[in-house]
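Presented below is the structure to which this report refers.
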Amino acid sequence: MSAPARAEQATATGLFTGVIVSMLAMPTTISVTEDVKEALLRVASELQLRLGRRVDLNEAIRYLLLRDKKPELLEEACRPVPGFEDAYRELMRERRRDEEEARRKYGP
């Protein structure tokens, strides 16, 4: 039984909710290209048809990790986005500039 299913079952019964919730991981955002996203959606939809329930992209990625069905898709999904470091530095510079401007305008 998956962790979300255990959490749902525990919540329904009112048992062990705190323990199960503490075991769930915090969500993280990843960047993928549009074609990888479409491929992951196809995998998720195939799983939904097979399992007869809703499947999210996290579960589709987990399926690919465990089944090693399409390793090239997983490798592409985990590859760093080209130019990310430069874009991140630029974003941080702009954020600092905005914060300084807000401090000057509105005070500390």
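Each value in this text was obtained by applying a stated rule to the coordinates, not by laboratory testing. Source: prediction; values computed, not measured. When we count neighbours, we look across all protein chains shown, and the Cβ atoms used for this are built from the backbone with ideal geometry, even at glycine.
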> Where Lys and Arg each count +1 and Asp and Glu each count -1, what net charge lies around Val55 among other residues with Cβ under 12 Å from its Cβ?
Replying inline: +2
> How far apart, in nm, are the 7 Å Cα→Cβ label points at Glu100 and Glu38?
Replying inline: 4.4
